[in-house]
Every structure is written in C-alpha cells, then in structure tokens.
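Chemist: Just dropping this structure here.
The values are calculated or read from the model by the stated rules, or taken from the named source; none is laboratory data. Note that the coordinates shown come from a computational prediction; the quantities given were computed from them, not determined experimentally. FYI the Cβ positions are ideal-geometry reconstructions off the backbone, even for glycines, and counts take in every protein chain you see.
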Amino acid sequence: MRWCRRMSQRPAADYGDYAIGTSAPYTVTVNPTAAGLLAPGYLKIGGVQYVGALFSDWQTFVAPPGAISGYASRRARPGDVIVIYGIGFGR
C-alpha cells in the first residue's frame, strides 16, 4: 500500500493507493506547525524513547553507555552541558 496526500486541498485529502485500486479520500487534520523534540526510532532503547541530545563535544549522545551501536554515549551528570534537538518550531 502507498499512502498519499493531496496537499492542494484544505483540509488535506489522504487516500490509500492499493494494488487493486484506490480508496475513497478521507480527511485528516493537519496542523501547520507542531513543535516537538526530535526522538528518532533508533533512540528507542530497551523500550524507552530517548530524545536526540548530544553533549557539547557534538559527538557523544546522552544515553546509557553503549546503547547506540557505533556511537559514543553516556549518561548526563549534574553540571553537564547538553544540546537537545527539536523540530517544528516554525520559521
């Protein structure tokens, strides 16, 4: 199945495009902006979702040590400076 959105329509019209045909359009409310913290799937560790955060060295993730394969990580301690990434804050 391929999911499609016709953004030229307001509200946006979504529909499913299947091998056997196309579904009837259905309405989905789309907020122009919705801020949030960056939390990609690869930062879901042991069933806990972590936000995208780095220490001030810009190389070490704020996460349990060894939790992200191929990347350095450690837990934050009092006094550490960390950068937390967000998305959707507007222009």
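Chemist: If a residue has to be at pLDDT below 90, assigned to a strand (DSSP E or B) and among the β-branched types (Val, Ile, Thr) to count, how many in the range 45-81 make the cut?
Modeler: 2
Chemist: Note down all Cβ pairs under 9 Å where the first residue falls in the range 66-81 and is within 13 Å of residue 54 (Cα to Cα) and loosely packed, with under 10 Cβ neighbours inside 10 Å, the second is modelled with pLDDT of 90 or more and not aromatic (Phe, Trp, Tyr), and they're at least six residues apart or on different chains.
Modeler: If the second residue must be modelled with pLDDT of 90 or more and not aromatic (Phe, Trp, Tyr), the pairs left are 81/56.
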